[in-house]
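Chemist: Got a structure for you, questions after.
Nothing in this text is a laboratory measurement; each read-out follows from the coordinates by a stated rule. Nothing here was measured: the structure is a model prediction, and the numbers come from that model. For neighbour counting, all protein chains shown are included, and Cβ atoms are generated from backbone atoms with ideal geometry for every residue, glycine included.
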Amino acid sequence: MNKLSIAVVTALVVAFAATSALAAGKPIAFVGRYTGTATTQAADNVVTINAKGAGTGTTIGAGKITGLGTGDSSQRPCVPFTGTGSMTGTSGSLTFKVNPGTAGCGDDSGQLFSITGKAAVLKGTGTLAKVKGTLKMTGTYDRSSGAFSVKFSGALTK
């Protein structure tokens, strides 16, 4: 077998295993990594967040991420935020809600933020149809450029 054939067979085995695990109701590991740009607008202490990016997620494949949220800038250095978003890929999508307690903790100048928190999966489609679960979120946000990177990880079940 050549390298391409081996890669295709490996991909099919992984997809079959993930589908079998979901069908059986067993937890399936999910990891998604995305980068993009977020814009923020502040009015008093309410910050409106709009994020768009691209990346890849386990079983849904390469695709996009979008998110809308609000934060409370009166609480520093860690600004709590909530919102909703979606990750879409070639084989499905996940819709999620950022849980309370999620925050972006800024540096002394309020430009570079470390993101930590959790997101509840509300809906899945395609290979992740009808899944639920909570994913851990970690990442960074650079307010001066708008650049963000975020990783989602956790177990999903039907």
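Chemist: Pairs under 9 Å by beta carbon, first residue acidic (D, E) in the range 26-48, partner surrounded by 14 or more Cβ atoms within 10 Å (Cβ to Cβ), six or more apart or different chains?
Modeler: Once the first residue is acidic (D, E) and sits in the range 26-48, its partners that are surrounded by 14 or more Cβ atoms within 10 Å (Cβ to Cβ) give D44/S73.
Chemist: Could you list, in sequence order, all residues of the range 91-137 that are among the polar types (S, T, N, Q), surrounded by 19 or more Cβ atoms within 10 Å (Cβ to Cβ) and part of a strand (DSSP E or B)?
Modeler: Listed by number, the list holds a single entry, S93.
Chemist: Output the residue which, of all residues in the range 61-90 that are without any contact (Cβ under 8 Å) to a residue 60 or more places away in the chain and within 21 Å of K158 (Cα to Cα), is surrounded by the most Cβ atoms within 10 Å (Cβ to Cβ).
Modeler: Checked the range 61-90; the qualifying residue surrounded by the most Cβ atoms within 10 Å (Cβ to Cβ) is G89.
Chemist: Of the conditions (1) closer than 15 Å to Y141 by Cβ; (2) in contact with a Leu (Cβ under 7 Å, 6 or more places away or on another chain); (3) in contact (Cβ under 8 Å) with a residue 40 or more places away in the chain, V131 fails just one. Which one is it?
Modeler: The number of the failed condition is (1).
Chemist: Is it the case, given these coordinates, that K52 is assigned to a strand (DSSP E or B), closer than 26 Å to A155 by Cβ, of a type outside the set (G, A, S) and touching a strand residue (DSSP E or B) at 6+ places or on another chain (Cβ under 9 Å)?
Modeler: No: the conditions fail for K52.
Chemist: So which of F113, F148, F96 ends up being closer than 14 Å to F30 by Cβ and not polar (S, T, N, Q)?
Modeler: Answer to the selection: F96.
Chemist: In the range 138-158, how many residues are polar (S, T, N, Q), closer than 21 Å to P80 by Cα and surrounded by 14 or more Cβ atoms within 10 Å (Cβ to Cβ)?
Modeler: Summing the residues that are polar (S, T, N, Q), closer than 21 Å to P80 by Cα and surrounded by 14 or more Cβ atoms within 10 Å (Cβ to Cβ) in the range 138-158 gives 3.
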